[in-house]
Amino acid sequence: LRRQESRTDAQPENQTKDLEKKKKREIMALSQKEADIQMMLAASCHLGTKNCDYQMQRYVYRRRNDGLYVFNLGKTWEKLQMAARVICAIENPQDIAVLSARPYGQRAVLKFAQYTGSKTLPGRHTPGTFTNQITDKYEEPRLLIITDPRTDIQPSREAAYCNLPTIAFCDTDSPLKNVDIAIPANNKGKHSIGVLYYILCRMVLQMRGTVTAQNPWDVMVDLFFYREPEETKEPEQEEQAAPAAEFPAAEMGFAAGVDPSLMGAAPAAPAAFGYDATGGMPGFEAAAAPPMQVPGGFQQMDSSGFGAQY
């Protein structure tokens, strides 16, 4: 009887501990969800276009006075979770192809492929990459992720021929043909595309177990943003211009009061057995004429050693 009483007493304690753990997990998930939604709001992921496809009406929250449709970011976050579960179900990450013909999404695609281990095909999609086995760039993935179903219509069409499941970020005016999992969000802004790929990448790493509460992901979302070519050139030009100012003329041995017109003047022609001092700059003495005869009657040898007379 005492043993049974001790067992019955231990069961409620274990149940309370399990309930506390579940509550902590729910609180962490809610806080993470709120932080993700705030990030998506800051990046304008909730703003759609003035046109709305009939299949995207289920994801629309309301329409603003200026005519723009507004997404329900709660459904966007749930669809990101669903897409992350599908990505984690593929054993080999190299069987996942991530595409983006839009320039704003090419850097985000490269970073997503770098951290998740998937394969990326940025830029223009070559027709026949998934269907023509003769081509050198033939690929046979098991999952396809595209940034915009309208601009990436060729790879989504080929994926339908090969029975590839397709995940796509869809705007309010995006067609959902050949799309299996549509993530409703703004796929036209460079900040919104970067934030969406960042959140999806972090969810995948969390489900794989590489990112935990004890080992958080220390990657900034700025790495997923598109950068203009001029932004990358400005630091390089500053680095090239900096060494020119580090060497002033006085420290290099040049006279401070030299006329700039004399610096570019051509030197005078040398005399027969010496140098003329009239063409020199002020402050410098003329060089002495080199001796042409050596005592003893021998001629001076060539400085290079070739053509000497013996």
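Selection of the stretch 175-190 for residues being assigned to a loop (DSSP other than H, G, I, E, B), open to solvent by less than 30 Å² (accessible area, probe 1.4 Å) and more than 11 Å from Thr147 (Cα to Cα) yields Val179, Gly189.
Among the residues of the stretch 207-220, those identified as of a type outside the set (D, E, K, R) and more than 13 Å from Leu80 (Cα to Cα) are Gly209, Thr210, Val211, Thr212, Ala213, Gln214, Asn215, Pro216, Trp217, Val219, Met220. Just one of the listed residues (Arg202, Arg208, Arg124, Arg150) is among the charged types (D, E, K, R), within 24 Å of the chain's Cα centre (by Cα), under 22 Å from Cys52 (Cβ atoms) and open to solvent by 10 Å² or more (accessible area, probe 1.4 Å), and it is Arg150. Within the stretch 141-170, residues that are aromatic (Phe, Trp, Tyr) sit with their Cβ atoms under 6 Å from residues that are assigned to a strand (DSSP E or B), at 6+ positions apart or across chains, in these pairs: Phe169/Ile183.
The residues of the stretch 97-115 that are touching a strand residue (DSSP E or B) at 6+ places or on another chain (Cβ under 7 Å) and open to solvent by 50 Å² or more (accessible area, probe 1.4 Å), listed by number, are Gln106, Leu110. Asn178 passes every criterion in (1) under 23 Å from the mean Cα position of the chain (by Cα); (2) on the phi > 0 side of the Ramachandran plot; (3) of a type outside the set (Val, Ile, Thr) apart from (1).
Of all residues in the stretch 136-147, how many are open to solvent by less than 10 Å² (accessible area, probe 1.4 Å) and either assigned to a loop (DSSP other than H, G, I, E, B) or more than 26 Å from Phe71 (Cβ to Cβ) (or both)? Looking only at that region, the number is 1. Report whether or not Gln133 is outside any loop (DSSP other than H, G, I, E, B), of a type outside the set (Ser, Thr, Tyr) and open to solvent by 10 Å² or more (accessible area, probe 1.4 Å). No; evaluated as a whole, the condition is false for this residue. For the stretch 162-174, the candidate set comprises residues that are of a type in the set (Val, Ile, Thr) and closer than 16 Å to Ile87 by Cα; within that set, the residue that is surrounded by the fewest Cβ atoms within 10 Å (Cβ to Cβ) is Thr166. Within the stretch 48-73, restricting attention to residues that are at pLDDT 90 or above and within 29 Å of the chain's Cα centre (by Cα), the residue that is farthest from Arg202 (Cα to Cα) is Val70.
The values are calculated or read from the model by the stated rules, or taken from the named source; none is laboratory data. A quick note: this is a predicted structure, and the numbers were derived from the prediction, not measured. Don't worry about glycine lacking a Cβ; one is built from the backbone with ideal geometry, like all the others, and counts go over all protein chains shown. What goes into the accessible areas is simple: the full protein's heavy atoms, side chains included, and nothing from ligands, DNA or RNA. Shrake-Rupley method; radii C 1.70, N 1.55, O 1.52, S 1.80 Å.
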